[in-house]
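The values are calculated or read from the model by the stated rules, or taken from the named source; none is laboratory data. Everything numeric here is computed off the predicted structure, so don't read it as measured data. Here the Cβ positions follow ideal geometry from the backbone for every residue, glycine too, while neighbour counts run over all protein chains shown. All accessible areas refer to the heavy atoms of the entire protein, side chains included, with ligands and DNA or RNA removed. Shrake-Rupley method; radii C 1.70, N 1.55, O 1.52, S 1.80 Å.
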Amino acid sequence: LICSGFPHIMCWYKRLAGWFSRPLFGRVTNGTMQEEWRRAFLQCPPRLWKQTVDAAQEDLTECLKDIRVPCLIVCGDADVFSRDLQNKLHRNLVNAPPVRWLQGMGHILLWEGPDRLTALLSEFAETPQASGS
């Protein structure tokens, strides 16, 4: 559906775009975020969305065991797109990195709570395991 160009048609109309984007943002959505998303979506051609969707279908789970640096998984608890996938993935990892759930956040954490996300990532970066100390 994303690759068909149909979402681009929906995004031409602000009201439809608002309805279409609401699941991305969880409970903290506002008109400014939705409008910025609509404009960004319209600037990305459907063929690029197709490449993105195709790349996202590749299962890289086996590669995760080869990661040798400290990791942190950050998810929004209202993320309707990847919450279940993140839970399943985390359960199946032997040396699973910690998961931090941001309450009320959806799929686009940088737009929804940049201060909360920055604070969380800064805290993680300052921990001894993240800095290699």
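Observations
- Shape of segment 8-63, Cα gyration tensor, a/c cut at 1.5: oblate
- In terms of overall dimensions, the C-alpha atoms belonging to segment 69-133 reach 36, 30, 14 Å along their principal axes, ordered largest to smallest.
- Average accessible surface area per residue within the chain, 1.4 Å rolling probe, Å²: 69
- Qualifying chymotrypsin sites (Phe, Trp or Tyr not before Pro) in segment 39-133, where qualification requires a DSSP coil assignment and no more than 16 other C-beta atoms within 10 Å, comprise F81.
- Length added when fully stretched, Q51-K65, from 0.36 nm per residue minus Cα-Cα: 2.5 nm
- Expressed as a whole percent, the accessible area of the chain that falls on carbon and sulfur atoms is 58 (1.4 Å probe).
- Accessible area per residue (1.4 Å probe, heavy atoms of protein chains only) ranks V80, V74 as V80, V74, with the largest value leading.
- Translational diffusion of the chain was estimated from the Stokes-Einstein equation, with Rh taken as the Kirkwood radius over Cα pairs; at 25 °C and 0.890 mPa s the coefficient is 147 µm²/s.
- For segment 16-117, the list of GluC sites (Glu not before Pro) that fall in a loop by DSSP and count at most 13 other C-beta atoms within 10 angstrom reads E58.
- Inverse mean reciprocal Cα-Cα distance (Kirkwood Rh) of segment 24-92, Å: 14.9
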